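J.: Please read through the structure below; I'll follow up with questions.
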Amino acid sequence: MKYQHTHKLLCFIALFAITNVAQSMNFPPANVNVVPAKMMALSPVVWVSGTVVSQNDAKIASEISGRLISLAAIGQLVARGDIIAQIDDKQLKIEHSEAQANVLNSKARLHFLEAEVKRKTQLVKQKLSPSTELDKTISERDIAKGDVIVAQAQLNKTEQALDYSIVKAPFSGIVAQRLASLGEFVNDGKAIIRLVQTQHSEATIFAPIVAYQFLKTATELAVQSPLGEGKARIKTLVPVADARSHLMEVRLDMSTFDWPIGLNIKAKVANGPSEMSLAVPRDALVLRRDGASVFRVNQNEQGAQAEQIAVTVGVGMDGLVAVTSASEQQPINVGDLIVIRGAERLQSGQGVAIKSNNKDLVLGGKTAENETNTTQSVNKGSVR
């Protein structure tokens, strides 16, 4: 019994000594970064998916049948009017010659019959030939006129086919795909090349139809992709939603972005009205089991101290979030200094040292020059 009493007494003395030592130590305040709380307009937003597309993405087809003797290479840049494919035209040239001959023959026959009509008309007037002969010649002349038209149409058709044997680019772009191969016999209407216009690209996104009232007053949207971010001008709104998805299409002008066709992007779309709210950076939120809170830095006689305030989180936008104090005794006001870095291990009432940036926070407020001088001093000491 006496032993237990002595043991408890020794433990109490040791605990008292440790407490006195801990209290006598001068612990430095916690380093934190702060920003002032501010009042600003926040609106709920939603990030929607989209894709960079081309204004013109066409599968160019052959308009005649024949064997391919020339075809543009994949990745080749072509201007409008450049030759991208050619079909063997030997047979067409033969048909063209025949058509020319038919035109000459039909015209010659027509010229002969017209002269015959004039001659027989004079004979009928002189009563040297029956009128039936004149009527027959006039009929043959009219048929010859039709033959000339048919022959000329056949010639024009052959000439058009010759023109179609050379396939030209309808717009400037890049050859994205070859849908046929050299030497292959293609039929008219068969796609042989996919041509994609790379300039003046667009993005197509699908936004909730309820966002239409906010999009129709907007001029541009923030966009992000693995290649960067920026703002794109709204070109077209299509206020027609699918009955199942309730999404409408929005076209954005991407001509100022050097992003390839087919790139997946995200666009930020307002999804509700904006409201004036007290906003702090999202990094200021401390999420624990008992809820969300922020730390406010108060200046008093003891110096700068952290005060933990439970908050209700509201609308978030662009890295900011609306907050309201959960307690009427701890209101958060505009201009209050809110901790955004270094709050992970803070306790309410703990002393803090405000640093101007993250580097000072990590280095404990030391500048690069101080670090250099300290290093040099240490090195000199080592040399000595």
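The values are calculated or read from the model by the stated rules, or taken from the named source; none is laboratory data. Since we're looking at a predicted model, the values are computed, not measured. Heads up, the Cβs are rebuilt from the backbone with ideal geometry, glycines too, and the neighbour counts pull from every protein chain shown. Accessible surface areas use protein heavy atoms only, side chains included; no ligands, DNA or RNA. Shrake-Rupley method; radii C 1.70, N 1.55, O 1.52, S 1.80 Å.
J.: In the structure shown, do any of Lys38/Lys268; Lys107/Lys190; Lys216/Lys266; Lys38/Lys231; Lys125/Lys145; Lys93/Lys190 have a Cα-Cα gap over 29 Å, and if so which?
T.: Violating the 29 Å limit, Cα to Cα: Lys107/Lys190.
J.: Another question about this same structure. What relative contact order, as a whole-number percentage, does the chain give when Cα pairs under 8 Å and 6 or more residues apart are counted?
T.: Details: 703 pairs, mean separation 99.7, N = 384.
Worked out over the chain, it gives 26 percent.
J.: Round to a whole number: what % of the accessible area of the chain belongs to carbon and sulfur, probe 1.4 Å?
T.: Carbon plus sulfur share of accessible area: 53 percent.
J.: Can you give the FRET efficiency for Ser356 and Glu301, using 1/(1 + (r/R0)^6), R0 = 22 Å, r = Cβ-Cβ distance, to the nearest 0.05?
T.: Efficiency at R0 = 22 Å is approximately 0.35.
J.: Would any residue of region 267-297 have its amide N under 18 Å from a label point 7 Å out along Cα→Cβ of Trp47? List them or say none.
T.: Within reach of a label on Trp47, which here means backbone N under 18 Å from a point 7 Å along Cα→Cβ, region 267-297 contributes 267-272, 281-284.
J.: Can you show me the helix-derived [θ] at 222 nm for the chain, built from DSSP H runs with n ≥ 4 at -39,500 (n - 2.57) apiece and divided by the number of residues, rounded to the nearest 500.
T.: Calculated from helices alone, the mean residue ellipticity at 222 nm is -10500 deg cm²/dmol.
J.: Tell me which residues come under 5 Å, amide H to amide H, from Ala61 once H is placed; ignore anything under 5 positions away on its chain.
T.: Close amide H contacts, sequence-distant or interchain: Ile192.
J.: How many nm separate the modelled label positions at Glu344 and Lys59, each set 7 Å beyond the Cα in the direction of the Cβ?
T.: Between Glu344 and Lys59, the label points sit 5.5 nm apart.
J.: Could you work out Rg/(2.2 N^0.38 Å) for the chain, with Rg from alpha carbons only?
T.: Output field value: 2.05.
J.: Also, I was wondering about something else. Apply the Karplus parameterisation 6.51 cos²θ - 1.76 cosθ + 1.60, with θ equal to phi minus 60°, to every residue of region 148-155 and state each ³J(HN,Hα) to the nearest whole Hz, in sequence, with x for glycine and proline.
T.: Calculated HN-Hα couplings, in order: 5, 5, 4, 5, 5, 5, 5, 5 Hz.
J.: Continuing with the same structure: Under a crude label model (7 Å from the Cα following the beta-carbon direction), how far is Val313 from Glu159 in nanometres?
T.: Once both label points are built, they end up 7.5 nm from each other.
J.: Angle between the Cα long axis of helix 368-383 and the longest principal axis of the chain, 0 to 90 degrees, nearest 10?
T.: The helix 368-383 is inclined about 60 degrees to the chain.
J.: Highest GNM mean-square fluctuation, the chain, Cα pairs closer than 10 Å: which of Lys93, Lys268, Lys120?
T.: Result: Lys120 has the largest fluctuation of those listed.
J.: Right, here's the next one. Can you give the accessible area per residue of the chain, in Å², using a 1.4 Å probe?
T.: Accessible area per residue: 63 Å².
J.: Whole-Hz Karplus ³J(HN,Hα) for region 158-172, in order, using 6.51 cos²θ - 1.76 cosθ + 1.60 and θ = phi - 60°, x for Gly and Pro?
T.: 5, 5, 5, 4, 5, 5, 6, 5, 10, 8, 10, 6, x, 7, 6
J.: Say each of Leu77 and Phe185 gets a label point 7 Å from the Cα, pointing the same way as Cα to Cβ; how far apart are those two points in nm?
T.: Label at Leu77, label at Phe185, 3.9 nm between them.
J.: Would you mind telling me which residue in Ala58, Ala37, Ala101 has the biggest mean-square fluctuation in a Gaussian network model of the chain, where springs connect alpha carbons within a distance under 10 angstrom?
T.: Evaluated over the chain, the most mobile residue of the options is Ala101.
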